[in-house]
1. Name the residues in region 71-80 that are part of a helix (DSSP H, G or I) and under 20 Å from ASP154 (Cβ atoms), would you?
2. When the residues of region 144-153 are filtered to those that are in contact with a helix residue (DSSP H, G or I) (Cβ under 8 Å, 6 or more places away or on another chain) and closer than 27 Å to PHE112 by Cβ, which remaining residue is most open to solvent (accessible area, probe 1.4 Å)?
3. If you check LEU55, LEU87, LEU97, LEU83, which single one turns out to be part of a helix (DSSP H, G or I), modelled with pLDDT of 90 or more, open to solvent by 70 Å² or more (accessible area, probe 1.4 Å) and under 27 Å from VAL158 (Cα atoms)?
4. Kindly indicate the residue of region 154-170 that is in contact (Cβ under 8 Å) with a residue 24 or more places away in the chain and open to solvent by less than 50 Å² (accessible area, probe 1.4 Å) and also nearest to PHE112 (Cα to Cα) among those meeting that condition.
5. Pick from SER96, SER118: which is touching a helix residue (DSSP H, G or I) at 6+ places or on another chain (Cβ under 9 Å) and over 28 Å from THR45 (Cβ atoms)?
6. With the requirement that a residue be surrounded by 12 or more Cβ atoms within 10 Å (Cβ to Cβ) and over 16 Å from the mean Cα position of the chain (by Cα), what does region 35-47 give you?
7. Being within 30 Å of ILE40 (Cβ to Cβ), exposed (fewer than 13 other Cβ atoms within 10 Å of the Cβ) and out of contact with any Leu (no Cβ under 6 Å at 6 or more places or on another chain) narrows it down to one of LYS141, LYS106, LYS75, so name that one.
8. Of the residues in region 109-135, how many are open to solvent by less than 40 Å² (accessible area, probe 1.4 Å) and in a helix (DSSP H, G or I)?
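The values are calculated or read from the model by the stated rules, or taken from the named source; none is laboratory data. Quick caveat: nothing in here was measured; it's all calculated off a predicted structure. Counting neighbours? That spans all protein chains shown, and the Cβs are built from the backbone with ideal geometry, glycine included. For the accessible areas, the whole protein counts, side chains as well, though only heavy atoms, and no ligand, DNA or RNA atoms are used. Shrake-Rupley method; radii C 1.70, N 1.55, O 1.52, S 1.80 Å.
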Amino acid sequence: MINYIIPLIVVTIIIYGIYKKVDIFDTFIDGVKEGMKLSINLFPTIFAMIIAITLITDSNIINYICNLLKPLFSKISFPTEVLPLALLRPISGSSSLVILNDILAKYGPDSFIGRLSSVMQGSTDTTIYIISMYFASIGIKKTRYSLTVGLLADLLSVIISFIMVNIFFR
């Protein structure tokens, strides 16, 4: 049954277009042209994001930053194993999923670290990715306050995740 949903939607749109006397093929071609223009406009942004994420992950700068922050976070009993996830999540969703997978494989999903990393993954967002992709697609260039607020929201999500997992699972 589920295999028929998309073809059913396409047929419904075609029937509706015929009913409204719309030139379906020309409208489809116009949509493809607009999509191609948008793809070409977004390509530099996508390429820059891929390069930046590759540089960050391959250079081990995340591990270096985590090693610098370990003493501070150890004092407040924050598991330093989830620091790479907290630092990389605002930049890349797929990279943070790899880190989450590694954490869950190593510590298990029912451990404190596994639960904390799962809650952090679910409550934070890929702020830098969203700002660069979506703002670029509609031509917004001034992202200063959006970036600040988005990163503060991610930080607050990490803090609240730590507090909530401590309350409910310790």
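1. Residues of region 71-80 that are part of a helix (DSSP H, G or I), as a first pass: 71-75, 80.
The answer is LEU72, PHE73, THR80.
2. Pass one, region 144-153, residues in contact with a helix residue (DSSP H, G or I) (Cβ under 8 Å, 6 or more places away or on another chain): 146-147, 150-151, 153.
Then keep just the ones that are closer than 27 Å to PHE112 by Cβ; that gives 151, 153.
Details: LEU151: 68, ALA153: 49 Å².
Filtering first and then ranking leaves LEU151.
3. Numbers: LEU55 fails: modelled with pLDDT of 90 or more; LEU87 fails: open to solvent by 70 Å² or more (accessible area, probe 1.4 Å); LEU83 fails: open to solvent by 70 Å² or more (accessible area, probe 1.4 Å).
So the residue among LEU55, LEU87, LEU97, LEU83 that is part of a helix (DSSP H, G or I), modelled with pLDDT of 90 or more, open to solvent by 70 Å² or more (accessible area, probe 1.4 Å) and under 27 Å from VAL158 (Cα atoms) is LEU97.
4. So the first thing to find is which residues in region 154-170 are in contact (Cβ under 8 Å) with a residue 24 or more places away in the chain, and the list is 154, 157-158, 160-162, 164-165, 169-170.
Within this subset, residues satisfying the condition of being open to solvent by less than 50 Å² (accessible area, probe 1.4 Å) are 154, 157-158, 161-162, 165.
Working: ASP154: 20, SER157: 17, VAL158: 14, SER161: 11, PHE162: 10, VAL165: 8 Å.
Ranking the candidates gives VAL165 first.
5. On the way: SER96 fails: over 28 Å from THR45 (Cβ atoms).
Result: SER118 is the single residue among SER96, SER118 that is touching a helix residue (DSSP H, G or I) at 6+ places or on another chain (Cβ under 9 Å) and over 28 Å from THR45 (Cβ atoms).
6. Step one: list which residues in region 35-47 are surrounded by 12 or more Cβ atoms within 10 Å (Cβ to Cβ), which gives 38, 41-42, 45-46.
Within region 35-47, LEU38, ASN41, LEU42 qualify.
7. Details: LYS106 fails: within 30 Å of ILE40 (Cβ to Cβ); LYS75 fails: within 30 Å of ILE40 (Cβ to Cβ).
Of the residues listed, the single one that is within 30 Å of ILE40 (Cβ to Cβ), exposed (fewer than 13 other Cβ atoms within 10 Å of the Cβ) and out of contact with any Leu (no Cβ under 6 Å at 6 or more places or on another chain) is LYS141.
8. Keep residues of region 109-135 that are open to solvent by less than 40 Å² (accessible area, probe 1.4 Å), which gives 111-114, 116-117, 120-121, 124, 126-127, 131-133.
Still in the list and also in a helix (DSSP H, G or I): 112-114, 116-117, 120-121, 127, 131-133.
Of the residues in that region, 11 qualify.
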